[in-house]
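Asker: If you scroll down you'll find the structure; I have some questions about it.
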């Protein structure tokens, strides 16, 4: 067998690396579309994160036996260090008066101020409710943006 025939029997390392790079680029592109883009995620995943953060804040109030708060960014682009995906906003409902910080308060006994938080994206709206007596937090509504 000649050397020329032996070279035609397999792939070179360079060819394999090129194929792997192409597959990786395609996988990242597909994953970005499935998760709602590279900027963060869907309104629903942001709502799930908000629910978890509200529950942590409630547990913090109970464990410290003191009031604990979660502050909403004045521009509605997030809360307490969390930034939402572009085009998604969170706001308290009803909205607080001008000059009043948009916050959710939990008390040492686990209760809270009654709050409804609306996460609004370009196509979706998710409503998260904080029950006043128990401080329970959950998603109470899903819908399309008007």
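Asker: With respect to residue 95, is the statement that it is on the phi < 0 side of the Ramachandran plot and modelled with pLDDT of 85 or more true?
Answerer: Against the criterion (on the phi < 0 side of the Ramachandran plot and modelled with pLDDT of 85 or more), residue 95 does not qualify.
Asker: If a residue must be crowded, with 16+ Cβ neighbours inside 10 Å and in a strand (DSSP E or B), how many such residues does segment 83-102 contain?
Answerer: Adding up the residues that qualify gives 4.
Asker: Could you grab the pairs with beta carbons closer than 8 Å, sequence gap of 6+ or different chains, first residue in segment 76-98 and closer than 16 Å to residue 53 by Cα, second one at pLDDT below 80 and exposed (fewer than 14 other Cβ atoms within 10 Å of the Cβ)?
Answerer: Note: no pairs meet the criteria.
Asker: Out of curiosity, is residue 108 more than 13 Å from the chain's Cα centre (by Cα), in a loop (DSSP other than H, G, I, E, B), modelled with pLDDT of 85 or more and in the same structural domain as residue 140 (by TED's automatic domain parsing)?
Answerer: Yes, satisfied.
Asker: Going by the structure shown, is residue 66 surrounded by fewer than 14 Cβ atoms within 10 Å (Cβ to Cβ) and either over 30 Å from residue 28 (Cα atoms) or under 10 Å from the mean Cα position of the chain (by Cα) (or both)?
Answerer: Criteria met by residue 66.
Asker: On to the next question. Between a first residue in segment 17-33 that is in the same structural domain as residue 85 (by TED's automatic domain parsing) and a second residue that is surrounded by fewer than 10 Cβ atoms within 10 Å (Cβ to Cβ) and modelled with pLDDT of 85 or more, which pairs have beta carbons less than 7 Å apart while being 6 or more apart in sequence or on different chains?
Answerer: Taking only residues 6 or more apart or on different chains, not a single pair turns up.
The values are calculated or read from the model by the stated rules, or taken from the named source; none is laboratory data. Fair warning: this is a prediction, and the values are worked out from it, not measured in the lab. Cβ: placed from backbone, ideal geometry, glycine included. Neighbour counts: every protein chain shown.
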